[in-house]
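Asker: One structure coming up, written as structure tokens, with questions to follow.
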């Protein structure tokens, strides 16, 4: 599967795998959930991105990472890799 | 004003118990946690007995997000620290912002985590190494994680001195409290029960190769054949006796004296330096040898080391003049956590008026030490001496005292 | 504070400079010792630069057995300790051995040996059940870094307290502070205190790559360490050792020793926030600085030089700049601040001791070492970072700070001792 098809759910799964279960937040927030509210810090994001890079053979823009505040931002960044 | 530093909380996690009272009751009933290693298949190694902690469910103690970023030993450290804080019945948010800190001892760091990442590096490549490797294995990780978990902004410390380091850390925490800190969490946690850690320990040539758990760790016994490594965590909460909301009568006791010495090179493990450590620690506690009620020995179960320790104790106290015990015969040597466990057991012994036993060892009846063997010994206690030695010649001695004493 | 603590011996093994004099020349000339990694092929790594030492143990007088026995970090440390002991002129042979202590700082211990030995016992990561038949007889000593403090103790037959302080990247400053406390407590007459790390190994590179903490500026290695510069993008890994001899001022005067400087104050704090992250406000570091200044009875305005942590990550440089402003107030804008990591990289646990020696040498020479490679200051870092060229400057009081993983913040105040010569 190419990186363009990575979904918010895929990302959630990778995050949970490499960085642990998220903090409970309102499920209805969905893709707009802030990474910070979920309990995922910059290292958690780096761990998840590294896994996605390995699994999909892509290179995600490093400079963009600090600006990705929500799940959807990060998915966008991955899709444009 | 008194500069007494007292222990108000204890948190323990060992092969014979997952919390302080379980460890204490198991220890009094002589229940050993030594067994054949189950964590990995140890068949191919010349030693197979260890003191593994089983039944510990980290998720019950720490948030899920800490699991991927922590080694097993850090999870135990966090659980023990939490237990000690709960036991101390202290509201940490009530303390001055920089008034509480953490000093831990370490020996191996997060060795199992490290093995996994070394495997990722060398079998798959650098891009497979976890970002958490940057701190999960290093010696300072437990102090950092405990400080973060409990919001403690005071001084942070980490000491490494193999098994002796555990007492040095408690001494450093005492120093911080004397300098004005309201609370210190201190202790140790270690586990190197992964194949890589096991092989590294085997290199010391001090690991017991016995096949049966009850024959494996026999300090001061003619059949002594090395020690059994264990894993676990032991954490204490230290407070000034005159501190905010401290009720001295409710404290376990006082950290009354400490000293550390180092063996002359040509005589590592057998030099007079251990005796010197005992003497300085007693002087630091303003106690005479006759005032020490029980000694928790280091008990390496390596012949020369045992003889040297027995001689040091006999020289200071006289032959068979003070009861000596090695309850770590039930859980193995826990490295940085080992002597902190002994401190905790000494304080519980003082509380309950009973000396926990040494199991399995049967020294000669005329051995120079009066070892408490097999069964606990009921006795009024107000002081205890704990001894610890680390590989290479490190000696540390600490004296604890009851609040009445 | 009861006892004043004097520094009477110095020893250094640094990238580009073995020996204290060479170290000072490098700093005063603003030379950089960072280069493309030569210890192994760095091609698979994101960051391929480091500050390596050209160090041949045989040339430094180690026997084949000693070379086999000691990890590189121990070798560096022993060489630095030898120099410090000789420099102190103290008569260790006739000292009471129980009153001689050793405190060595190290963040990652024998990591180079552990990395290479792991490769062998695991057959390059092929087996989880690693093979003990291939294990080095030294593996246990490599597992626990205190074994290497023993090497230093043996040099002078120390039989007092011997320990390793391992608070990550503040180990080097914390170890010297711990040594000073042993003097103040009256537990020792002479303390050998310092730090060493030799972390330039594949596993260290890989884990810093993974958190993007080290710089990917691989095409210009000599300019790769750029603290406070707007174009900086991570630190440069280094290695090294620095060792000091400490004693009470009274003890030093009794034996007519040369006092290089005094340890006047120290404090540490934790941010209790994140294992690697720093809040921008530098709040906890500021607290450590304020407490250390108070212990030294020194006002912010009388600090002549600030030896910064200055690792060259954006996060650190802003964090500590904020801490300086918060703790020193308006004095922060008038005092020269510099980072020697711009020249010798970041040797993790060792760097704090190297920075203490640099601070003492700055007082000795009345020269402030520069921040090399600082060309385009980060607008958020608006203090006087002494760009590129050393500066003559009367220096009697130095503040040196460290910041490390675990959230640890440490600050030490050093004084020349000249202010009250009598």
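Asker: Compactness ratio of region C:19-172: Cα Rg over 2.2 N^0.38 Å, N = residue count?
Answerer: Taking N as the residue count of region C:19-172, the ratio is 1.20.
Asker: Beta carbons within 10 angstrom, averaged per residue: use that to sort the peptides B:37-45, B:380-388, C:22-30, highest first.
Answerer: My ranking of the peptides, most packed first, is B:380-388, C:22-30, B:37-45.
Asker: Decide, for chain C, between rounded, prolate and oblate: order the square roots of the alpha carbon gyration tensor eigenvalues as a ≥ b ≥ c, take rounded if a/c falls under 1.5, and otherwise choose prolate if a/b is larger than b/c, else oblate.
Answerer: Cα axes put chain C in the oblate bin.
Asker: Here's a follow-up. So if R0 is 25 Å, what FRET efficiency would residue A:69 and residue A:9 give, r being the distance between their Cβ atoms, rounded to the nearest 0.05?
Answerer: The pair residue A:69/residue A:9 has a calculated efficiency of 0.85.
Asker: Using a simple spin-label model with points 7 Å from Cα along the Cα→Cβ vector, what separation in nm is obtained for residue C:258 and residue C:231?
Answerer: In this crude label model, residue C:258 to residue C:231 measures out at 4.1 nm.
Asker: Per residue of chain C, what 222 nm ellipticity follows from adding -39500 (n - 2.57) for every DSSP H run with n ≥ 4, rounded to the nearest 500?
Answerer: Helices in chain C give a 222 nm mean residue ellipticity of -9500 deg cm²/dmol.
Asker: Relative contact order of region C:1-152, please, whole-number percent, based on alpha carbon pairs below 8 angstrom and at least 6 residues apart.
Answerer: So the answer I get is 24 percent.
Asker: Ranked highest first by average number of other Cβ atoms within 10 Å, how do C:363-373, C:137-147 line up?
Answerer: C:137-147, C:363-373
Asker: Also, quick follow-up: Rounded to the nearest 0.05, what FRET efficiency do residue B:364 and residue C:93 have when you use their Cβ-Cβ distance and R0 = 41 Å?
Answerer: 0.50
Asker: Fewest first, what order do C:341, B:124, A:79, C:325 take by the number of other Cβ atoms within 10 Å?
Answerer: B:124, A:79, C:325, C:341
Asker: Further, regarding this structure: Once the Cα atoms of helix A:8-19 and of chain A are each reduced to a long axis, what angle between those two axes, in degrees from 0 to 90 to the nearest 10, is obtained?
Answerer: Between helix and principal axis, roughly 80 degrees.
Asker: At 7 Å along Cα-to-Cβ for each site, give me the label-to-label distance between residue A:17 and residue C:418 in nm.
Answerer: Taking the two extended label points, one gets 6.3 nm.
Asker: What ranking do C:74-87, C:193-206 get when scored by the average of other Cβ atoms within 10 Å per residue, highest first?
Answerer: Answer by packing, highest mean first, reads C:193-206, C:74-87.
Asker: For chain A, calculate the relative contact order in percent as a whole number, restricting contacts to Cα pairs under 8 Å that are 6 or more residues apart.
Answerer: Normalised by residue count, the contact order of chain A is 43 percent.
Asker: Can you list the residues of region C:110-139 with backbone N under 16 Å from a point 7 Å past the Cα of residue C:65, pointing along Cα to Cβ?
Answerer: Output list for this probe position: C:137-138.
Asker: With a Förster radius of 30 Å, plug the Cβ-Cβ distance of residue A:61 and residue C:116 into 1/(1 + (r/R0)^6) and report the FRET value to the nearest 0.05.
Answerer: Efficiency for this residue pair is about 0.30.
Asker: Identify which of C:391, C:72, C:253 has the largest mean-square fluctuation in a Gaussian network model of chain C, with springs joining Cα atoms closer than 10 Å.
Answerer: C:253
Asker: Right, next: At 7 Å along the Cα-to-beta-carbon direction for both residue C:86 and residue B:22, put a label point, then send me their distance in nm to one decimal.
Answerer: My value for the distance between the label points is 5.8 nm.
Asker: Could you work out, residue by residue across C:167-175, how many beta carbons of other chains sit within 10 Å of that residue's beta carbon, and then give the average as an integer?
Answerer: Per residue, the average neighbour count from other chains is 4.
Asker: How big is the antiparallel share of DSSP beta bridges in the protein assembly as shown, given as a percent to the nearest 5?
Answerer: Expressed as a percentage, antiparallel bridges in the protein assembly as shown total about 65.
Asker: Along the principal axes of its C-alpha atoms, what lengths does the protein assembly as shown span, in descending order and rounded to whole Å?
Answerer: On the principal axes, the protein assembly as shown reaches 78, 76, 58 Å in Cα extent.
Asker: If a paramagnetic tag sat 7 Å from the Cα of residue C:22 along the Cα-Cβ line, which residues of region C:232-270 would have the backbone N under 17 Å from that point?
Answerer: C:239-243
Asker: Now a separate question. How well do other chains shield peptide C:209-216, expressed as the mean number of their Cβ atoms within 10 Å of each residue Cβ?
Answerer: Average neighbour count from other chains, rounded to a whole number: 5.
Asker: Still on this structure, please answer the following. Using only the alpha carbon atoms of chain B, find the Kirkwood hydrodynamic radius as the inverse mean reciprocal pair distance, in angstroms to one decimal.
Answerer: Its Kirkwood hydrodynamic radius stands at 20.8 Å.
Asker: Give me B:148, C:183, A:29 ranked fewest to most by other Cβ atoms within 10 Å of their Cβ, as a rough exposure proxy.
Answerer: A:29, B:148, C:183
Asker: Among B:206, C:418, which comes first, then next, by fewest other beta-carbon atoms within 10 Å?
Answerer: C:418, B:206
Asker: For C:113-121, what's the mean count of beta carbons from other chains sitting within 10 Å of each residue's beta carbon?
Answerer: Average per residue, whole number: 4.
Asker: If you don't mind, another one. Remind me, relative contact order of chain C in percent, using alpha carbon pairs under 8 angstrom and six or more residues apart?
Answerer: Answer for chain C is 24 percent.
Asker: What percent of all Cα-Cα pairs in region A:3-79 falls into each 10 Å bin, going from 0 up to the bin containing the maximum distance?
Answerer: Going out from 0 Å in 10 Å bins, region A:3-79 shows 20, 62, 18, 0 percent.
Each reported figure results from applying straightforward, stated rules to the coordinates on display, with no laboratory input. Computed from a predicted model, the values in this text were never measured in an experiment. Glycine gets a Cβ as well: all are built from the backbone with ideal geometry, and neighbour counts include every protein chain shown.
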